[in-house]
Amino acid sequence: MSFAGSDVISVADFSREQILHILAAAEKAERGQLPMFTSRKVMAVLFFEPSTRTRLSFESAMQRLGGTVIGFADASSTSTRKGESLFDTIRMVENYADVLVIRHPLEGSARLAAEAASPPVINGGDGANQHPTQTFLDLFAIRKTHPRFGAAGEPPLRIGFLGDLKYGRTVHSLSIALSHFPCELVFISPPSLALPRHIKEILTDRGVACVEGERVEQHIDSLDILYVVRLQKERFADQLEYERVRGAYVLQAGMLARVKPNLRILHPLPRVGEITTDVDRTPHAYYFAQAGLGVPVRQAILALVLGLV
Amino acid sequence: MSKKEQHTTLQVPAIEHGTVIDHIPSHATLTVVKILSVLEDLVTIGINLSSHVMGRKGVVKIANRKLSPDEVAKIAIIAPRATLSIIESYEVVKKYTVTPPDVVEGIVRCVNPSCITNHETVRTRFSVAKAEDGGLRLRCAYCERAYDQEEIEIV
Ligand SMILES: [Zn+2]
């Protein structure tokens, strides 16, 4: 299987085999078993909207492979301010680099960039749409905590999602990617922030067993993974409703009394109070370790699209 | 077609030569007319005609010409069950049902205001799939949002 020259725009473009291939490369990266570039490779980071964490993680990954980095961290320094189109900016930058990483507030911008550029384009987040390297990182975290995940003949994992499932793009992408694997998905949210219909349709079309609920206590004891996302005040039309429901979506150590020993809690971070700090000290907390997987996953993706492995 | 339905379709005056677009959802009839790029010849329109299959339907008759493949693709998107009849000397010489294409390029606008296609000059691209209710679901190749047939806008 070769990824050389491929774009990484959306998890929806990846098959089960391709996902497993990326995770295998990430395991190698983590063990320091990826080779280094033998010729000079340049990565351009084009961040039209700032995200320090994602950008540094890509830059660290590229430098660990022996490559170099050029680019900008926010749109204020670029000619798009002067009205240049994204398409034209990409046509110009593609001459400077062997791989482009783009982050842009508009949805579909990475797809357009990939159509404009001949070198591989990696989507570092296109508005509310996709952030595929985050999804591969989340899948890698599931694989690390449940090593048999993805292996043939394994019983399905029961994976819960908690919080704002309507606007949480990491939830949408991860659940779509999980549809390639045996799993049961439990979506726990206030009714007004439930998983969008178009995502649910894709999951049920692919035969994924989905359950929806409003209270984490009713489901947590059966879960192998609980993926927590933020519940943002701005998303509620009615602030009173926010105050009324927010408590139900804060995970506390006391809720973990009867959970499975292998339950692991994931969160894309940063958290804003939706997991209390007493959870950090339990063996179920995995979110900080999860964040540490960003570099090996991005190393793996860069190595693959640049034909290093 | 039942006798009664044949009769109602005839409520729209017959044409000597041209094309009849039948079995249009009533609410989509005027959009079908808007899609027709050249309106130099006689066009007659019937809306809310009674239909055996659809309850109510629209019919559009265009004199003296056939439809371009682009026009047929657009009609298939908003009226997936439409039938086209080619008329010569008041006789139906060919009749067929439109088939929605798998992909439509440049004919549907993405209604997501945050979609890049609404900010740059981009030819839109949508994949087309059948929904459970028999209608169509269109997914924007860029922002990946999916829309019901009723939600879409023709460029
Ligand atoms: Zn769109």
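In table form, for the structure just shown:
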quantity: Hey, B:Val155 away from chain A (no Cβ under 14 Å), among the hydrophobic types (A, V, I, L, M, F, W, C) and more than 27 Å from B:Val12 (Cα to Cα) or not; calculated: yes
quantity: Answer from B:Tyr142, B:Tyr96, B:Tyr90 - the residue that is buried (at least 19 other Cβ atoms within 10 Å of the Cβ) and either within 16 Å of the ligand (Cβ to nearest atom) or more than 24 Å from A:Ile202 (Cβ to Cβ) (or both); calculated: B:Tyr142
quantity: Residues (within 14 Å of chain B (Cβ to nearest Cβ), in a helix (DSSP H, G or I) and open to solvent by 10 Å² or more (accessible area, probe 1.4 Å)) located in the stretch A:84-115; calculated: A:Phe87, A:Asp88, A:Arg91, A:Arg111, A:Ala114, A:Glu115
quantity: Filtered residues of the stretch A:269-303 (kept if within 17 Å of the chain's Cα centre (by Cα), open to solvent by 20 Å² or more (accessible area, probe 1.4 Å) and among the β-branched types (Val, Ile, Thr)); calculated: A:Val295
quantity: The stretch A:197-215 - residue that is closer than 27 Å to A:Arg246 by Cα and open to solvent by 60 Å² or more (accessible area, probe 1.4 Å) and, of those, farthest from the other protein chains (Cβ to nearest Cβ); calculated: A:Arg215
quantity: Residue in the stretch A:131-147 that is under 22 Å from A:Val228 (Cβ atoms), within 14 Å of chain B (Cβ to nearest Cβ), surrounded by fewer than 21 Cβ atoms within 10 Å (Cβ to Cβ) and in contact with an Asp or Glu (Cβ under 7 Å, 6 or more places away or on another chain) present; calculated: no
quantity: Filter result (part of a loop (DSSP other than H, G, I, E, B), touching a strand residue (DSSP E or B) at 6+ places or on another chain (Cβ under 9 Å) and surrounded by 16 or more Cβ atoms within 10 Å (Cβ to Cβ)) within the stretch A:23-48; calculated: A:Lys41, A:Phe48
quantity: Extreme residue, farthest from A:Arg111 (Cα to Cα), among residues of the stretch B:93-127 that are at the interface with another protein chain (Cβ under 8 Å from one of its Cβ atoms) and among the aliphatic types (A, V, I, L, M); calculated: B:Val122
quantity: Residues that are touching a residue at least 40 places away in the same chain (Cβ under 8 Å) and open to solvent by 10 Å² or more (accessible area, probe 1.4 Å), drawn from the stretch A:251-268; calculated: A:Asn262, A:Arg264, A:Pro268
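The values are calculated or read from the model by the stated rules, or taken from the named source; none is laboratory data. As the structure is a computational prediction, the values presented were derived from the model and not from experiment. Please note: Cβ atoms are built from the backbone with ideal geometry, for glycine as well, and neighbour counts cover all protein chains shown. Surface areas here come from the heavy atoms of the whole protein model, side chains and all, with no ligands, DNA or RNA. Shrake-Rupley method; radii C 1.70, N 1.55, O 1.52, S 1.80 Å.
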